[in-house]
Amino acid sequence: MPSTIIDKVWGAHVVSEQPGAPALLYIDMHLVHEVTSPQAFDGLRARGLVVRRPEHTFATADHSVPTTDRTLPIVDPIAAKQVAQLEANCREFGIPCHSMASQLQGIVHIIGPELGLTQPGMTLVCGDSHTATHGAFGALAFGIGTSEVEQVLATQCLLQKKSKSYRVEVTGQLHLGVTAKDIILALIAKIGTGGGTGCIFEYCGPAIRALSMEERMTICNMSIEAGARAGMIAPDDTTYEYMYGRQFAPQGEAWDRALQRWRRLPSDEGAVYDKQVSINAAELEPMVTFGTSPGMGIPISGVVPDPAGMTDPMERESIAKALRYMNLEPGKPLAGHAIDVVFIGSCTNGRISDLRAAASVLKGRHVAPGLRVLVVPGSHDAKRQAEAEGLDAIFREAGAEWREPGCSMCLAMNGDQLEPGQYGVATSNRNFEGRQGKGGRTILASPLTAAASAVTGVVTDPRRFA
Amino acid sequence: MKPFTRLESRLVPLAIDNVDTDQIIPARFLKTISKDGLGSQLFCDWRYDAQGQPKPDFILNQPRARGAEILLAGDNFGCGSSREHAPWALTQFGFRAVISTSFADIFRQNSLKNSLLPVVVPREIHAELFALPQEATVAIDLASETLALADGRKVAFPIDPFAKHCLLNGIDELGYIRQQEDAIAAFEARCGSAVNTLG
């Protein structure tokens, strides 16, 4: 029977299947960070356990770290303690750790692929819902909670029920100024934040094939915002070209052998999926969100929807509540709405190509008066590359802040945050109430849209600058 | 893990769809390295005003929430982040079950590992529960997979048989996985030490 890529990767990792229990799934790579791991290490100590495969485990500090001068200590004592605890736990259990002082430090979902840790056909987990990012390589990658972090540390395995398969086809060709971020925001707006619950997406179709690896990562990253724990894209030559020569990627003969295995991963002709949806990339515009859930997105030429016209009372109340929080009026366009802050970064859009896209708009221009613009590279690698290309100078000369790598204002754990009532255009992944700071109002968009909005000080269609 | 068998309680209704884990427990409280002390921060930004005083109109601050152990939530409850701090905060506040029409996957998994029972009911029943008088109680019986309404009607809810077994007996998954050491070792021997086990 023809198999999907999901079936193939799943099948190759089932350790055992006991009657009455979920499958025991082997995990190839476990990425660890400071926020969701300390209680798991405590659990290991309490049970007297060790880490089963420290060499299949890789840690970094990203969520709580400041994005200011790294030679200074962390000011927030609670954050400092959390980062120190990660370092101590990794020392105690023999796990490679790239914390604050390391030149390999960065957002866990940015450095995994950059270092070649993320590979096609593997199972990869992390105590973070945006682990779906790594699915862009044809890996089965999903976020887990802290109890599961402890299970993987101790046994390299997880009990899992196989999810349903959901084929997401993206046809057509993107227009200039419309990006991978707009594809995924459009998908979430179409199927809703719970549309993929219980499913693993497989993104396919000509518009997906035409994307670079970094663009594919942006798409897979936000699978969880549609409720899918994982999103996969079959590997192809674009994948292999990206991976070749990276630090932890197979080398020499091992590379050739790996390539042979990887080429067998794509879904077979005629493979059957539980669900499917199709989107035409040619019909998309730049997308922006108006509400407090990533599914509340509209094309930039559109208007804020009116909850009064909605039949489902819970949906009506959810939209009305979101508009009250955002202080936006139904029926009005979002384009042209004044903003206070622009955030360019995160595991969704903090890669070198995102920085290049933002710089292409900001080059020779200046950010609007009174606007704060933070540019936060996702990793040291992205930062070094950007500096080598002079992008940092473009951002600085435009009046933006060029900062150190980390999650930063995506979830505002580290002090980078919106003030109550402020509007921010963000290239990150969540516009939940208070996500970027208590009372802050987030408008999700692509790096191009964020940079265009930085120049004008209002929500702006980037095609104006194309 | 604490066993879960039966629970009779009043309901705390929260009629909002897509409640995300950032609302359940905001990210700024995730800098803790402990599991404790999260109950007072549950729904923090909806529950307290700018001065840190409880907002009287928020349901958790109302007398009906006192001692109630079941949260009645909107569709797709617990979406967003994988933070297990969400079920930790809910259980530390005193909740032992959440009833909704659907749950986000990671939240559901995390809840089951903390003896917090996610109960999925059909839409009509869900609406009926929201319309109940505040003193009404419902009874959850895990063994029979039923929710008993105040008028005696019983509604079946789905639960994965393994999760049910673990909850009823207070079995911790890690202990169960460790019993399969032989199978894990055999798998590792078969697939070698390559990071990528496929092929």
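The values are calculated or read from the model by the stated rules, or taken from the named source; none is laboratory data. Just so it is clear, the model here is predicted, and its values are computed rather than measured. Methodologically, a virtual Cβ is constructed for each residue, glycine included, from the backbone with ideal geometry; neighbour enumeration extends over all protein chains shown.
Can you find, within segment A:251-262, the residue that is surrounded by the most Cβ atoms within 10 Å (Cβ to Cβ) among those that are free of Cβ contacts under 8 Å to residues at least 12 places away in the same chain and within 12 Å of another protein chain (Cβ to nearest Cβ)? Quick ask: steps written out before the conclusion?
Filtering segment A:251-262 for residues free of Cβ contacts under 8 Å to residues at least 12 places away in the same chain gives A:251-257, A:260.
Among the residues that remain, those that are also within 12 Å of another protein chain (Cβ to nearest Cβ) are: A:254-255, A:257, A:260.
On the way: A:Ala254: 12, A:Trp255: 15, A:Arg257: 13, A:Gln260: 10.
In this case the residue turns out to be A:Trp255.
Considering only residues that are farther than 17 Å from A:Glu114 by Cα and of a type outside the set (D, E, K, R), which ones fall in segment A:220-232? Show your work before the answer.
Of the residues in segment A:220-232, the ones farther than 17 Å from A:Glu114 by Cα are A:222-232.
Within segment A:220-232, A:Met222, A:Ser223, A:Ile224, A:Ala226, A:Gly227, A:Ala228, A:Ala230, A:Gly231, A:Met232 meet the criteria.
The single residue among A:Asp62, A:Asp7, A:Asp42 that is closer than 22 Å to A:Ser129 by Cα and more than 24 Å from the chain's Cα centre (by Cα) turns out to be A:Asp42. The residue that is nearest to the other protein chains (Cβ to nearest Cβ), among those in segment A:1-20 that are surrounded by fewer than 20 Cβ atoms within 10 Å (Cβ to Cβ) and in a loop (DSSP other than H, G, I, E, B), is A:Gly20. The listed residues are A:Ser129, A:Ser163, and the only one of them that is under 30 Å from B:Ala89 (Cα atoms), in contact (Cβ under 8 Å) with a residue 60 or more places away in the chain and surrounded by fewer than 23 Cβ atoms within 10 Å (Cβ to Cβ) turns out to be A:Ser163.
Scanning segment A:44-64 for residues that are assigned to a helix (DSSP H, G or I) and at the interface with chain B (Cβ under 8 Å from one of its Cβ atoms) yields A:Arg47, A:His56.
Is it the case that segment B:97-114 has a residue that's touching a strand residue (DSSP E or B) at 6+ places or on another chain (Cβ under 9 Å) and surrounded by fewer than 14 Cβ atoms within 10 Å (Cβ to Cβ)? Looking through segment B:97-114, none of the residues is touching a strand residue (DSSP E or B) at 6+ places or on another chain (Cβ under 9 Å) and surrounded by fewer than 14 Cβ atoms within 10 Å (Cβ to Cβ).
Given B:Leu129, B:Leu174, B:Leu167, which one is touching a Phe, Trp or Tyr at 6+ places or on another chain (Cβ under 6 Å) and part of a helix (DSSP H, G or I)? Going through B:Leu129, B:Leu174, B:Leu167 in turn, just one is touching a Phe, Trp or Tyr at 6+ places or on another chain (Cβ under 6 Å) and part of a helix (DSSP H, G or I): B:Leu167. Kindly list, by first and then second residue, each pair from a residue in segment A:309-322 that is more than 10 Å from every other protein chain (Cβ to nearest Cβ) and touching a residue at least 40 places away in the same chain (Cβ under 8 Å) to a residue that is of a type in the set (A, V, I, L, M) and loosely packed, with under 11 Cβ neighbours inside 10 Å, limited to pairs with Cβ atoms under 9 Å and residues at least 6 apart or on different chains. That search, which allows pairs on different chains as well, returns nothing.
Check whether at least one residue in segment A:234-257 is touching a helix residue (DSSP H, G or I) at 6+ places or on another chain (Cβ under 7 Å), of a type in the set (Lys, Arg) and within 20 Å of A:Ala141 (Cα to Cα), and report yes or no. Within segment A:234-257, one or more residues are touching a helix residue (DSSP H, G or I) at 6+ places or on another chain (Cβ under 7 Å), of a type in the set (Lys, Arg) and within 20 Å of A:Ala141 (Cα to Cα). Tell me, please, whether a residue that is surrounded by fewer than 20 Cβ atoms within 10 Å (Cβ to Cβ) and in contact with a Gly (Cβ under 6 Å, 6 or more places away or on another chain) can be found in segment B:46-67. The answer is no; no qualifying residue exists. Within segment A:271-287, residues that are assigned to a strand (DSSP E or B) have Cβ atoms under 9 Å from residues that are basic (Lys, Arg) and buried (at least 18 other Cβ atoms within 10 Å of the Cβ) in these pairs: A:Lys275/A:Arg167; A:Gln276/A:Arg167; A:Val277/A:Arg167; A:Ser278/A:Arg167; A:Met287/A:Lys181, counting only partners at least 6 apart in sequence or on another chain.
I'd like the full set of residues that are of a type in the set (S, T, N, Q), farther than 19 Å from A:Lys162 by Cβ, buried (at least 24 other Cβ atoms within 10 Å of the Cβ) and more than 10 Å from every other protein chain (Cβ to nearest Cβ), limited to segment A:184-234.
Filtering segment A:184-234 down to residues of a type in the set (S, T, N, Q) leaves A:193, A:197, A:212, A:218, A:221, A:223.
Add one more test, that the residue is farther than 19 Å from A:Lys162 by Cβ, and what stays is A:193, A:212, A:218, A:221.
Those still in the list that are buried (at least 24 other Cβ atoms within 10 Å of the Cβ) too: A:193, A:218, A:221.
Result: A:Thr218, A:Asn221.
Can you find, within segment A:274-307, the residue that is nearest to A:Lys321 (Cα to Cα) among those that are among the polar types (S, T, N, Q) and within 14 Å of chain B (Cβ to nearest Cβ)? Residue satisfying both the conditions and the ranking: A:Thr292. A:Gln85 fulfils the conditions (1) in a loop (DSSP other than H, G, I, E, B); (2) modelled with pLDDT of 95 or more except for a single criterion, (1).
Restricting attention to segment A:279-320, and to residues there that are small (Gly, Ala, Ser) and more than 21 Å from the chain's Cα centre (by Cα), which single residue is surrounded by the most Cβ atoms within 10 Å (Cβ to Cβ)? Walk me through how you get there before you give the answer.
Filtering segment A:279-320 down to residues small (Gly, Ala, Ser) leaves A:281-282, A:291, A:293, A:295, A:297, A:301-302, A:308-309, A:318, A:320.
Now narrow it down to the ones that are more than 21 Å from the chain's Cα centre (by Cα): A:282, A:301-302, A:308-309, A:318, A:320.
On the way: A:Ala282: 12, A:Ser301: 12, A:Gly302: 15, A:Ala308: 10, A:Gly309: 10, A:Ser318: 25, A:Ala320: 15.
The selected residue is A:Ser318.
For segment A:415-426, enumerate the residues that are facing another protein chain (nearest Cβ under 9 Å) and crowded, with 21+ Cβ neighbours inside 10 Å. Once the filter is applied, which keeps residues that are facing another protein chain (nearest Cβ under 9 Å) and crowded, with 21+ Cβ neighbours inside 10 Å, segment A:415-426 yields only A:Gln417. Considering each of A:Asp28, A:Asp7 in turn, give the residue that is acidic (Asp, Glu) and touching a strand residue (DSSP E or B) at 6+ places or on another chain (Cβ under 6 Å). Exactly one residue qualifies, and that residue is A:Asp28.
Considering segment B:1-116, the qualifying strands (runs of 3 or more DSSP E), each wholly inside and each with 2 or more residues that are at pLDDT 95 or above, within 26 Å of A:Leu159 (Cα to Cα) and more than 10 Å from every other protein chain (Cβ to nearest Cβ), run over B:97-100. Applying the criterion of being β-branched (Val, Ile, Thr) and under 15 Å from A:Ile110 (Cβ atoms) to the residues of segment A:346-399, the residue that is surrounded by the fewest Cβ atoms within 10 Å (Cβ to Cβ) is A:Ile352. Please identify the pairs in which a residue from segment A:213-231 that is more than 23 Å from B:Phe77 (Cα to Cα) has its Cβ atom under 6 Å from the Cβ atom of a residue that is of a type in the set (D, E, K, R) and assigned to a helix (DSSP H, G or I), counting only partners at least 6 apart or on another chain. Listed pairs, sorted by first residue: A:Thr218/A:Lys181. Annotation note: of B:Gly80, B:Gly94, the sole residue that is closer than 23 Å to A:Glu148 by Cβ and either in contact with a Gly (Cβ under 8 Å, 6 or more places away or on another chain) or among the small types (Gly, Ala, Ser) (or both) is B:Gly80. Scanning segment A:24-42 for residues that are within 9 Å of chain B (Cβ to nearest Cβ) and in a strand (DSSP E or B), we see that the one that is nearest to A:Cys126 (Cα to Cα) is A:Met29. On the stretch given as segment A:416-439, residues that are among the small types (Gly, Ala, Ser) and closer than 13 Å to B:Pro26 by Cβ total 3.
For segment A:91-112, which positions are in a helix (DSSP H, G or I), of a type outside the set (Gly, Ala, Ser) and either touching a helix residue (DSSP H, G or I) at 6+ places or on another chain (Cβ under 8 Å) or under 20 Å from A:Gly143 (Cα atoms) (or both)? Walk me through it before giving the result.
Here is the first cut: in segment A:91-112, the residues in a helix (DSSP H, G or I) are A:91-93, A:108-112.
Filter once more, so that each one left must be of a type outside the set (Gly, Ala, Ser): A:91-93, A:108-111.
Selection gives A:Glu92, A:Phe93, A:Val108, A:His109, A:Ile110, A:Ile111.
List pairs: first residue in segment B:133-162 and away from every other protein chain (no Cβ under 14 Å), second residue charged (D, E, K, R) and assigned to a loop (DSSP other than H, G, I, E, B) anywhere in the structure, Cβ distance under 6 angstrom, at least six positions apart or on different chains. Short answer, once both residue conditions are applied: B:Ala156/B:Glu145; B:Phe157/B:Glu145.
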